[in-house]
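Just so you know, all these numbers are worked out from the coordinates, no wet-lab data involved. These numbers were taken from a predicted model, which means no experiment stands behind them. All Cβ positions, even for glycine, are placed from backbone atoms using ideal geometry, and neighbour counts span all protein chains on display.
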Amino acid sequence: GEDVEQSLFLSVREGDSSVINCTYTDSSSTYLYWYKQEPGAGLQLLTYIFSNMDMKQDQRLTVLLNKKDKHLSLRIADTQTGDSAIYFCAERPMGGGATNKLIFGTGTLLAVQP
Amino acid sequence: GAVVSQHPSWVICKSGTSVKIECRSLDFQATTMFWYRQFPKQSLMLMATSNEGSKATYEQGVEKDKFLINHASLTLSTLTVTSAHPEDSSFYICSARVDSGRAGEQYFGPGTRLTVT
């Protein structure tokens, strides 16, 4: 199957850490991505991780990948009000053909309280 | 780098008319571009993959005669919604895949909001 699931909503206080979770089903996925979408806007690529990696850190962002459980998470340290947005995880299955299309998750709305 | 633009940002049209949306990669070449549709509070639904110099590949359930895609150059793809109806009202987003990108990462345009009256 090609279902990528995320929890719908997460609320945190400014300065706290946020952890957004994602589960996917296609174990052949080579890359997994995190995108951010602000209201009325397109998607911004935040980071990605190759499937043979367990962790990747990029400034305030930490991506953890548990390939055995097909679980991906995005941790945002010192969350700011500007981080409020919808976050989508996406997988790139091996079977996507030459174009390697992405399968997007359902999206998690992150609300940061001041 | 890796900027993708879309034009127009929003459009309102009458039922039965056709609307063309442009997607441009501004500072990189993109052999492959993608067109998505997003309904309010929902995820992105891939409509089709646009290939430069060849026909687009449509996802199951997407009418190719209604959603015409042309990938005229390595930096431009267009989506034409023909004979638009109110149910076609949606947020249309394109993305472009960096040809030289190791991870095949896609960069997204800001989206076009289409309202059909």
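Within region B:11-117, the GluC sites (Glu not before Pro) that combine a DSSP coil assignment with at most 16 other C-beta atoms in a 10 angstrom radius are B:Glu59, B:Glu63. Shielding of peptide A:86-94 by partners, expressed as the average count of other chain Cβ atoms within 10 Å per residue Cβ, is 1. With an a/c value of 1.5 or above and a/b larger than b/c for the gyration tensor axes a ≥ b ≥ c computed over the alpha-carbon atoms, region A:46-92 is described as prolate.
Kindly provide log₁₀ I(q)/I(0) values, in the same order as q = 0.14, 0.15 Å⁻¹, from the Debye equation applied to equal alpha-carbon scatterers of chain A. Each listed q maps to, in turn, -0.53, -0.60. Ordering B:Cys23, B:Cys13, B:Cys94 by the number of other Cβ atoms within 10 Å of each residue's own Cβ, fewest first, gives B:Cys13, B:Cys23, B:Cys94.
Taking region B:31-117, how much of its Cα-Cα pair set, in percent, is spaced more than 17 angstrom apart?
Counting pairs separated by more than 17 Å, the tail of P(r) holds 48 percent.
In this rough spin-label picture, where each label sits 7 Å from Cα along the Cβ direction, the A:Ser27-B:His7 distance is 4.9 nm. Couplings 3J(HN,Hα) of region B:24-35, computed from phi: 10, 8, 7, 9, 7, 8, 9, 5, 10, 10, 10, 10 Hz, in residue order, whole Hz [Karplus 6.51 cos²θ - 1.76 cosθ + 1.60, θ = phi - 60°; x for Gly and Pro]. Close amide-amide hydrogen proximity is noted between A:Met53 and no other residue 5 or more places distant or on a separate chain, at a cut-off under 5 Å (H modeled in the peptide plane; Pro and chain starts excluded).
Across region A:80-88, rounded Karplus estimates of 3J(HN,Hα) from the backbone phi angles (6.51 cos²θ - 1.76 cosθ + 1.60, θ = phi - 60°) give 10, 4, x, 7, 4, 4, 9, 10, 10 Hz, Gly and Pro being marked x. With neighbour counts taken as other beta-carbon atoms within 10 Å, the residues B:His7, B:His71, B:His85 rank, fewest first, as B:His85, B:His7, B:His71.
Taken about its Cα centre, the protein assembly as shown carries a charge dipole of roughly 220 debye when the Cβ of each Lys and Arg holds +1 and the Cβ of each Asp and Glu holds -1.
Computed from backbone phi, the HN-Hα couplings of region B:87-92 come to 5, 7, 4, 5, 9, 9 Hz, rounded to whole numbers (Karplus: 6.51 cos²θ - 1.76 cosθ + 1.60, θ = phi - 60°; Gly and Pro given as x). Distance between the 7 Å Cα→Cβ label points at B:Met45 and A:Asn66: 3.2 nm. Under a model in which nothing but the beta-carbon of Lys, Arg (+1) and Asp, Glu (-1) is charged, chain A shows a dipole of about 220 debye around its Cα centre. Run the Debye formula on the Cα coordinates of the protein assembly as shown, all scatterers equal and no solvent, and tell me log10 I(q)/I(0) at q = 0.12, 0.15, 0.16 1/Å. Cα-only, vacuum Debye calculation for the protein assembly as shown: -0.66, -1.01, -1.13.
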